[in-house]
Amino acid sequence: MPIRGSINIPGDKSISHRALLISSLIPGEHNIKNISTAEDVIYTLKCLNNIGIISSREKNNIIIHGGTFIEPNQPLFCGNSGTTMRLLSGLLSGLKLEAKLMGDESLIKRPMNRVINPLMQMGADISSNQDCAPIIIHKTNSLIDLNYSMEIASAQVKSALLLAGVSSDKKVVIHEQYQTRNHTEIMLDDIGYDIITKDNSIIFNPTLNKPNNINIDIPGDISSASFFIGAACMIPNSDLRINNVLINDTRMGFINILKKMDAGIIIHNPRYINGEKIGDIQVYYKPLYGVDIISEDIPSIIDELPILSIVATQAEGVTRVSGSEELRYKESDRILAIVENLKRMGVKIIEKKDGFVIEGPTILNKATIDSYD
Ligand code: S3P
């Protein structure tokens, strides 16, 4: 059955988390339009409400009253959301209050030392359960400026540090080896903060300019769109248009790789809203070819590698993914989940420590799929 027509996608999840967290730190009334409908974002909002942030919601539009916090009288529950836990750890570190962060069965097994270590370098006082949640952010008088070279490619870590900069009013300089999604930098810049990005380094000085009331309009989520894009690429006679979707370069890995596979993709009406690039994406069926995906491609395709693996089963030739060990530390081990489920469907796939190799094309068998929660 071809995929044809025109759709809109709910607001981008990464930008939604940031819109809530950043606006909570700025005194005043802030408007966020088209917020993500994802459960993870609701956890971020609930945690903020539990530290005193007042919000009101009408459909997907939210008003946040920022700038006044209270110490929570219960643990802040982040559900399954690593972004909530890591970014909130940064925000809380500079707030001079004590808070405990908890998560579900999967989240409490995920590594938190990646944010705890640099935040402690900034002077935060944090305890954890052997580098995992529950995390307790203890009250500290004041943080210090930070100059930090990232040890792993992680937008969550980078953003946690920038949020600690906002909440503590301290300067933060970060050097990245590979550029990761840059929504925090774009949003801070767009609302009027002094932030400079140059050659994979970020220099953020929150003491210089202070934003006032902010309005953020969130574009469609390119990661959610990727499932429809993948389907339209693989199914003959498809021709699909996705309107008002984020096309920020740091999130375009999937589209760029599909183009290398010779997929039919055209971007219409590129434009900017709140500093973020958005556009309308047209995807139509064309025969696809295998491709190599290497370390430097990974940050911009990290959440789309599962759907890319399915597209690769329908491409002529070999698709090799390497340098993607980070996939093993997500909500589930995504390499294992991909390999196990595609094997069940009859795909020729080999598991590697840092990725997988798929030989296509394959006619997929019916199978029972394990979603690994
Ligand atoms: C995210 C960053 C990525 C991504 C996650 C959302 C963000 O995680 O996989 O879904 O919003 O900053 P890492 O920072 O762990 O790579």
Open item on the list: Given the criteria away from the ligand (no atom under 13 Å from the Cβ), surrounded by fewer than 24 Cβ atoms within 10 Å (Cβ to Cβ), more than 27 Å from LEU146 (Cα to Cα) and not aromatic (Phe, Trp, Tyr), does ASN80 qualify?
Closed with: no
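Taking the options ILE358, ILE350, name whichever one is outside any helix (DSSP H, G or I), over 20 Å from ALA263 (Cβ atoms) and of a type in the set (A, V, I, L, M, F, W, C). Full working, then the answer.
Details: ILE358 fails: over 20 Å from ALA263 (Cβ atoms).
Criteria check complete, one pass: ILE350.
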Task: Some residue of region 102-112 being assigned to a strand (DSSP E or B) and either buried (at least 16 other Cβ atoms within 10 Å of the Cβ) or of a type in the set (Lys, Arg) (or both) - done: yes
Task: Scope region 283-304; condition within 14 Å of the ligand (Cβ to nearest atom) and of a type in the set (A, V, I, L, M, F, W, C); matching residues - done: ILE298, ILE301, ILE302
Open item on the list: Condition first: more than 14 Å from MET112 (Cβ to Cβ), among the small types (Gly, Ala, Ser) and in contact (Cβ under 8 Å) with a residue 60 or more places away in the chain. Now tell me which residues in region 131-174 satisfy that.
Closed with: ALA153, ALA155, SER159, ALA164, GLY165, SER167, SER168
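Table: residues versus (1) in contact with a helix residue (DSSP H, G or I) (Cβ under 6 Å, 6 or more places away or on another chain); (2) surrounded by fewer than 21 Cβ atoms within 10 Å (Cβ to Cβ); (3) at pLDDT below 95.
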{"site": "TYR272", "(1), (2), (3)": "no, yes, no"}
{"site": "SER300", "(1), (2), (3)": "yes, no, no"}
{"site": "SER322", "(1), (2), (3)": "no, yes, no"}
{"site": "GLU331", "(1), (2), (3)": "no, yes, yes"}
{"site": "LYS343", "(1), (2), (3)": "no, yes, no"}
{"site": "LYS348", "(1), (2), (3)": "no, yes, no"}
{"site": "LYS353", "(1), (2), (3)": "no, yes, no"}
{"site": "ASP373", "(1), (2), (3)": "no, yes, yes"}
Open item on the list: Among the residues of region 2-48, what is the count of those that are of a type in the set (A, V, I, L, M), within 16 Å of the ligand (Cβ to nearest atom) and either over 19 Å from ARG86 (Cβ atoms) or over 19 Å from the mean Cα position of the chain (by Cα) (or both)?
Closed with: 3
- [ ] Tell me which residues, restricted to region 171-190, are surrounded by 22 or more Cβ atoms within 10 Å (Cβ to Cβ) and away from the ligand (no atom under 15 Å from the Cβ).
- [x] VAL172
Task: Number of positions in region 83-101 that are surrounded by 24 or more Cβ atoms within 10 Å (Cβ to Cβ) and of a type in the set (D, E, K, R) - done: 1
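Going by the conditions given, is ARG114 without any contact (Cβ under 8 Å) to a residue 60 or more places away in the chain, among the basic types (Lys, Arg) and within 22 Å of ASN80 (Cα to Cα)?
Values: without any contact (Cβ under 8 Å) to a residue 60 or more places away in the chain: yes; among the basic types (Lys, Arg): yes; within 22 Å of ASN80 (Cα to Cα): yes.
So ARG114 passes the test.
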Task: Residue list for region 119-163, filter: within 23 Å of CYS47 (Cβ to Cβ), within 16 Å of the ligand (Cβ to nearest atom) and surrounded by fewer than 16 Cβ atoms within 10 Å (Cβ to Cβ) - done: ASP131
Task: Which numbered condition ILE51 misses (of (1) under 22 Å from the mean Cα position of the chain (by Cα); (2) under 20 Å from GLY103 (Cα atoms)) - done: (1)
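Take GLU185 and decide whether it is part of a helix (DSSP H, G or I) and either at negative phi or among the hydroxyl-bearing types (Ser, Thr, Tyr) (or both). Reasoning before the result, please.
Working: part of a helix (DSSP H, G or I): yes; either at negative phi or among the hydroxyl-bearing types (Ser, Thr, Tyr) (or both): yes.
Here the answer is yes, as GLU185 does meet what is asked.
Only one of these is away from the ligand (no atom under 16 Å from the Cβ), closer than 28 Å to ARG18 by Cβ and not in a strand (DSSP E or B): ASN237, ASN213. Name it.
Working: ASN237 fails: closer than 28 Å to ARG18 by Cβ.
Among ASN237, ASN213, only ASN213 is away from the ligand (no atom under 16 Å from the Cβ), closer than 28 Å to ARG18 by Cβ and not in a strand (DSSP E or B).
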Task: Yes/no for LYS46 being without any contact (Cβ under 8 Å) to a residue 12 or more places away in the chain, out of contact with any strand residue (DSSP E or B) (no Cβ under 7 Å at 6 or more places or on another chain) and not small (Gly, Ala, Ser) - done: no
Open item on the list: Take the residues in region 263-302 that are in contact (Cβ under 8 Å) with a residue 40 or more places away in the chain and of a type in the set (Phe, Trp, Tyr); name whichever of them is nearest to ASN34 (Cα to Cα).
Closed with: TYR284
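Pick from PRO219, PRO211: which is over 26 Å from ILE363 (Cα atoms), out of contact with any strand residue (DSSP E or B) (no Cβ under 6 Å at 6 or more places or on another chain) and surrounded by 13 or more Cβ atoms within 10 Å (Cβ to Cβ)? Spell out the reasoning first.
Working: PRO219 fails: out of contact with any strand residue (DSSP E or B) (no Cβ under 6 Å at 6 or more places or on another chain).
Result: PRO211 is the single residue among PRO219, PRO211 that is over 26 Å from ILE363 (Cα atoms), out of contact with any strand residue (DSSP E or B) (no Cβ under 6 Å at 6 or more places or on another chain) and surrounded by 13 or more Cβ atoms within 10 Å (Cβ to Cβ).
The values are calculated or read from the model by the stated rules, or taken from the named source; none is laboratory data. The shown structure was predicted, so the numbers you read here are calculated from the model rather than taken from an experiment. Here the Cβ is made from the backbone with ideal geometry for all residues, glycine too, and neighbour counts use every protein chain on show.
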